[in-house]
Amino acid sequence: MALNKKNLRNLFYIFLTTHLIIWTAIPSLTNNNLPLDTIEALAWGSNLDWGFNKHPPMSAFVVEIFYQIFGPQDWAYYLLSQIFVIISFFVVFKFAEEFFENKIFCFLSVLLLEGIYFYNFTTPEFNVNVCLMPFWALTALYLWKGFKNNKTIDWLLLGLFAGFGFLSKYLFIYLGIAMDIFLLYMIFKKKIDFKCIVSLIPFLIILLPHLIWLTENDYVTITYSLHRTGGEEQNFLDHIIHPLIFIGKQIGILIPFFLMLLFLASKFKNKISFKDDKLLFLIAINILPIILVFLTSMIMGVKIRTMWMTPFYLFFGVFVLYIFQSQINLNKLKNFGSVFLILFLLPPFTYAYVSITETDKRTDYLGKEIAKAIEKVWKLNSKELINYVGSDEWHAGNLSYNLKSRPKVVITSEVNSKISYYPHILLIFDYSSKKTCPETVWQLREDKISINNKKYLICY
């Protein structure tokens, strides 16, 4: 089949559809329970606010929309995650069209991403990293469009998507700083004027409710972030070891990506001109954010968790193909296609194998069965609906998701001090002989339930 423009687009859409179907179906068929981060987002979604104890609110807003449409159907949230992935892929393709005349390069820019496990193996778990992906991609696209065309609409859309990016995860700040550096450099070079400042209008409007919430809640998300990175306690070696580990992991992650590239390029030699605005832009959105993360780890001595880098490599395919496009041999597409198919199909088979053979994972949690057992006990003792469930995000989130009444989640730390605020609340804990119901629970009844040899204490 000749790879004309129409055929390429058809192949691209077939690829997107296949990716979506595979990565929706495999976890739906092999997991008993939704993953931790998805359950957490659903827990927050049960009690919507402009922020939560760990993250800003966007992921919670999104999953709650899906819950209102589909209810407790696990496949819907795997589908949601893949929708976010293929939107990101589509944006990358549109972005690549700004840099390449040959549509094959645009297609390859996306296909190469299947060599990075952030975009396949880890995607069934809808979380803040996946939620951030399309907004990261759209922000980069409209930054380029704004720079190239200097149209007000492009700058406004830049601010809009940047606002959504920050509401998804604070890590977006690294792209934000990289963008600002690029814009300031181009203003200094008089290649752009200050019209770009209009992007701040939608950005600040979108971000303002969260900023207000943040000040009213003692900057709890920032405290959590510092705790996750180990930013509260460091020694001298942390400033050396953590950044080196970070770099090592990034190299490891990119090995399959560059393996695929080997089957496209005849050689890897090229003269880089820093007078090329396209190249400078690609460096700004691909390399500069990674450098900034590395410097953060080195200066602060903090750990950078691997999954946090999920959106950082979305445009890596565009970047390397742009640099080496003169060395790309399109006659080698058949060989590339063979390697691509292996790397495209291996992750879902591996995921399915791990999911089926390993039996002590979060996704093996019997959330539906526990909810049914609790509902049965509750109905024997109360005619009211369960309005609230209290525990950590995992136990309470699963109950909230699976119970018919869709109760709001109350985090355990709030239970003892504010229990009287929550009528018809049920608390759930992993059972231990030392665990008892809190003294402040005005309902005095407690029960123990056993599901698949695991015991749980419920208080109501």
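Each of Ser391, Asn335, Phe89 was placed along the dipole of the chain (beta-carbon charges, centred on the mean Cα), and the one lying farthest toward the positive end is Asn335. Taking the alpha-carbon distance from Lys376 and a cut-off under 22 Å, which lysines remain once sequence neighbours fewer than 8 residues away in the same chain are dropped? The reachable lysines, counting only those whose Cα sits under 22 Å from Lys376, are Lys368, Lys404, Lys408, Lys448, Lys454, Lys455.
For Lys455, the residues whose modelled amide H falls within less than 5 Å of its own, excluding neighbours fewer than 5 places apart on the same chain, are Tyr431.
Unpaired cysteine residues in the chain (no second Cys Cβ under 4.7 Å): Cys106, Cys131, Cys196.
The modelled label-to-label distance between Asp447 and Met307, using points 7 Å beyond Cα along the C-beta direction, is 3.3 nm. Think of the chain as having a plus end and a minus end, set by charges on the Cβ of Lys, Arg, Asp and Glu; of Leu160, Leu138, Ile304, Leu138 sits farthest toward the positive end of this dipole. Centre-to-centre separation between the Cα atoms of segment 64-107 and those of segment 337-364: 20 Å. Here the Karplus curve 6.51 cos²θ - 1.76 cosθ + 1.60, taken at θ = phi - 60°, turns the phi angles of segment 142-151 into couplings of 7, 5, 5, 4, x, 5, 6, 9, 6, 8 Hz, with x standing for Gly and Pro. A simple rule links phi to the HN-Hα coupling: the Karplus curve 6.51 cos²θ - 1.76 cosθ + 1.60 with θ = phi - 60°, which for segment 206-215 gives 5, 7, 4, x, 5, 5, 5, 4, 4, 5 Hz, with x for Gly and Pro. The charge dipole of segment 336-427, taken about its Cα centre with unit charges on the Cβ of Lys, Arg, Asp and Glu (plus for the first two, minus for the last two), comes to roughly 440 debye. 3J(HN,Hα) couplings calculated from phi for segment 257-267 with the Karplus curve 6.51 cos²θ - 1.76 cosθ + 1.60 (θ = phi - 60°) are, in sequence order, 4, 6, 4, 4, 4, 4, 8, 10, 9, 7, 7 Hz; Gly and Pro show x. Net charge in the neighbourhood of Lys189 (other residues with Cβ under 12 Å of its Cβ; Lys, Arg +1, Asp, Glu -1) is +1. Spin-label model, Ala25 to Ile240: label points 7 Å out along the Cα-to-beta-carbon direction sit 5.2 nm apart. With the charge dipole of the chain set up from +1 on Lys and Arg Cβ and -1 on Asp and Glu Cβ about the Cα centre, the Cα lying farthest toward the positive end among the listed residues Ile255, Asn102, Gly367 is that of Asn102. Assuming charge only on the beta carbon of Lys and Arg (+1) and of Asp and Glu (-1), the dipole of the chain about its Cα centre is about 1320 debye to the nearest 20.
With q set to 0.11, 0.20 Å⁻¹, the log10 of I(q)/I(0) for segment 52-201, from the Debye formula over equal scatterers at the Cα positions, is -0.49, -1.27. Take the Cα of Ile65, step 7 Å toward its Cβ, do the same at Leu366, and the gap between the two points is 3.6 nm. On the beta carbon distance between Leu346 and Leu380, with R0 = 60 Å, the FRET formula returns roughly 0.75. Its Cα gyration tensor gives segment 243-350 an equivalent ellipsoid, and the semi-axes of that ellipsoid, as √(5λ) in whole Å with the largest first, are 27, 21, 10. Taking 24 Å as the limit for the C-alpha separation, the pairs Lys6/Lys332; Lys249/Lys275; Lys169/Lys190 exceed it in the case of Lys249/Lys275; Lys169/Lys190.
Quick note: the coordinates plus some simple rules give every number you see, no bench work behind them. Bear in mind the structure is a predicted one, so any value in this text is a computation, not a measurement. Note that we place each Cβ from the backbone using ideal geometry, even for glycine, and neighbour counts take in every protein chain shown.
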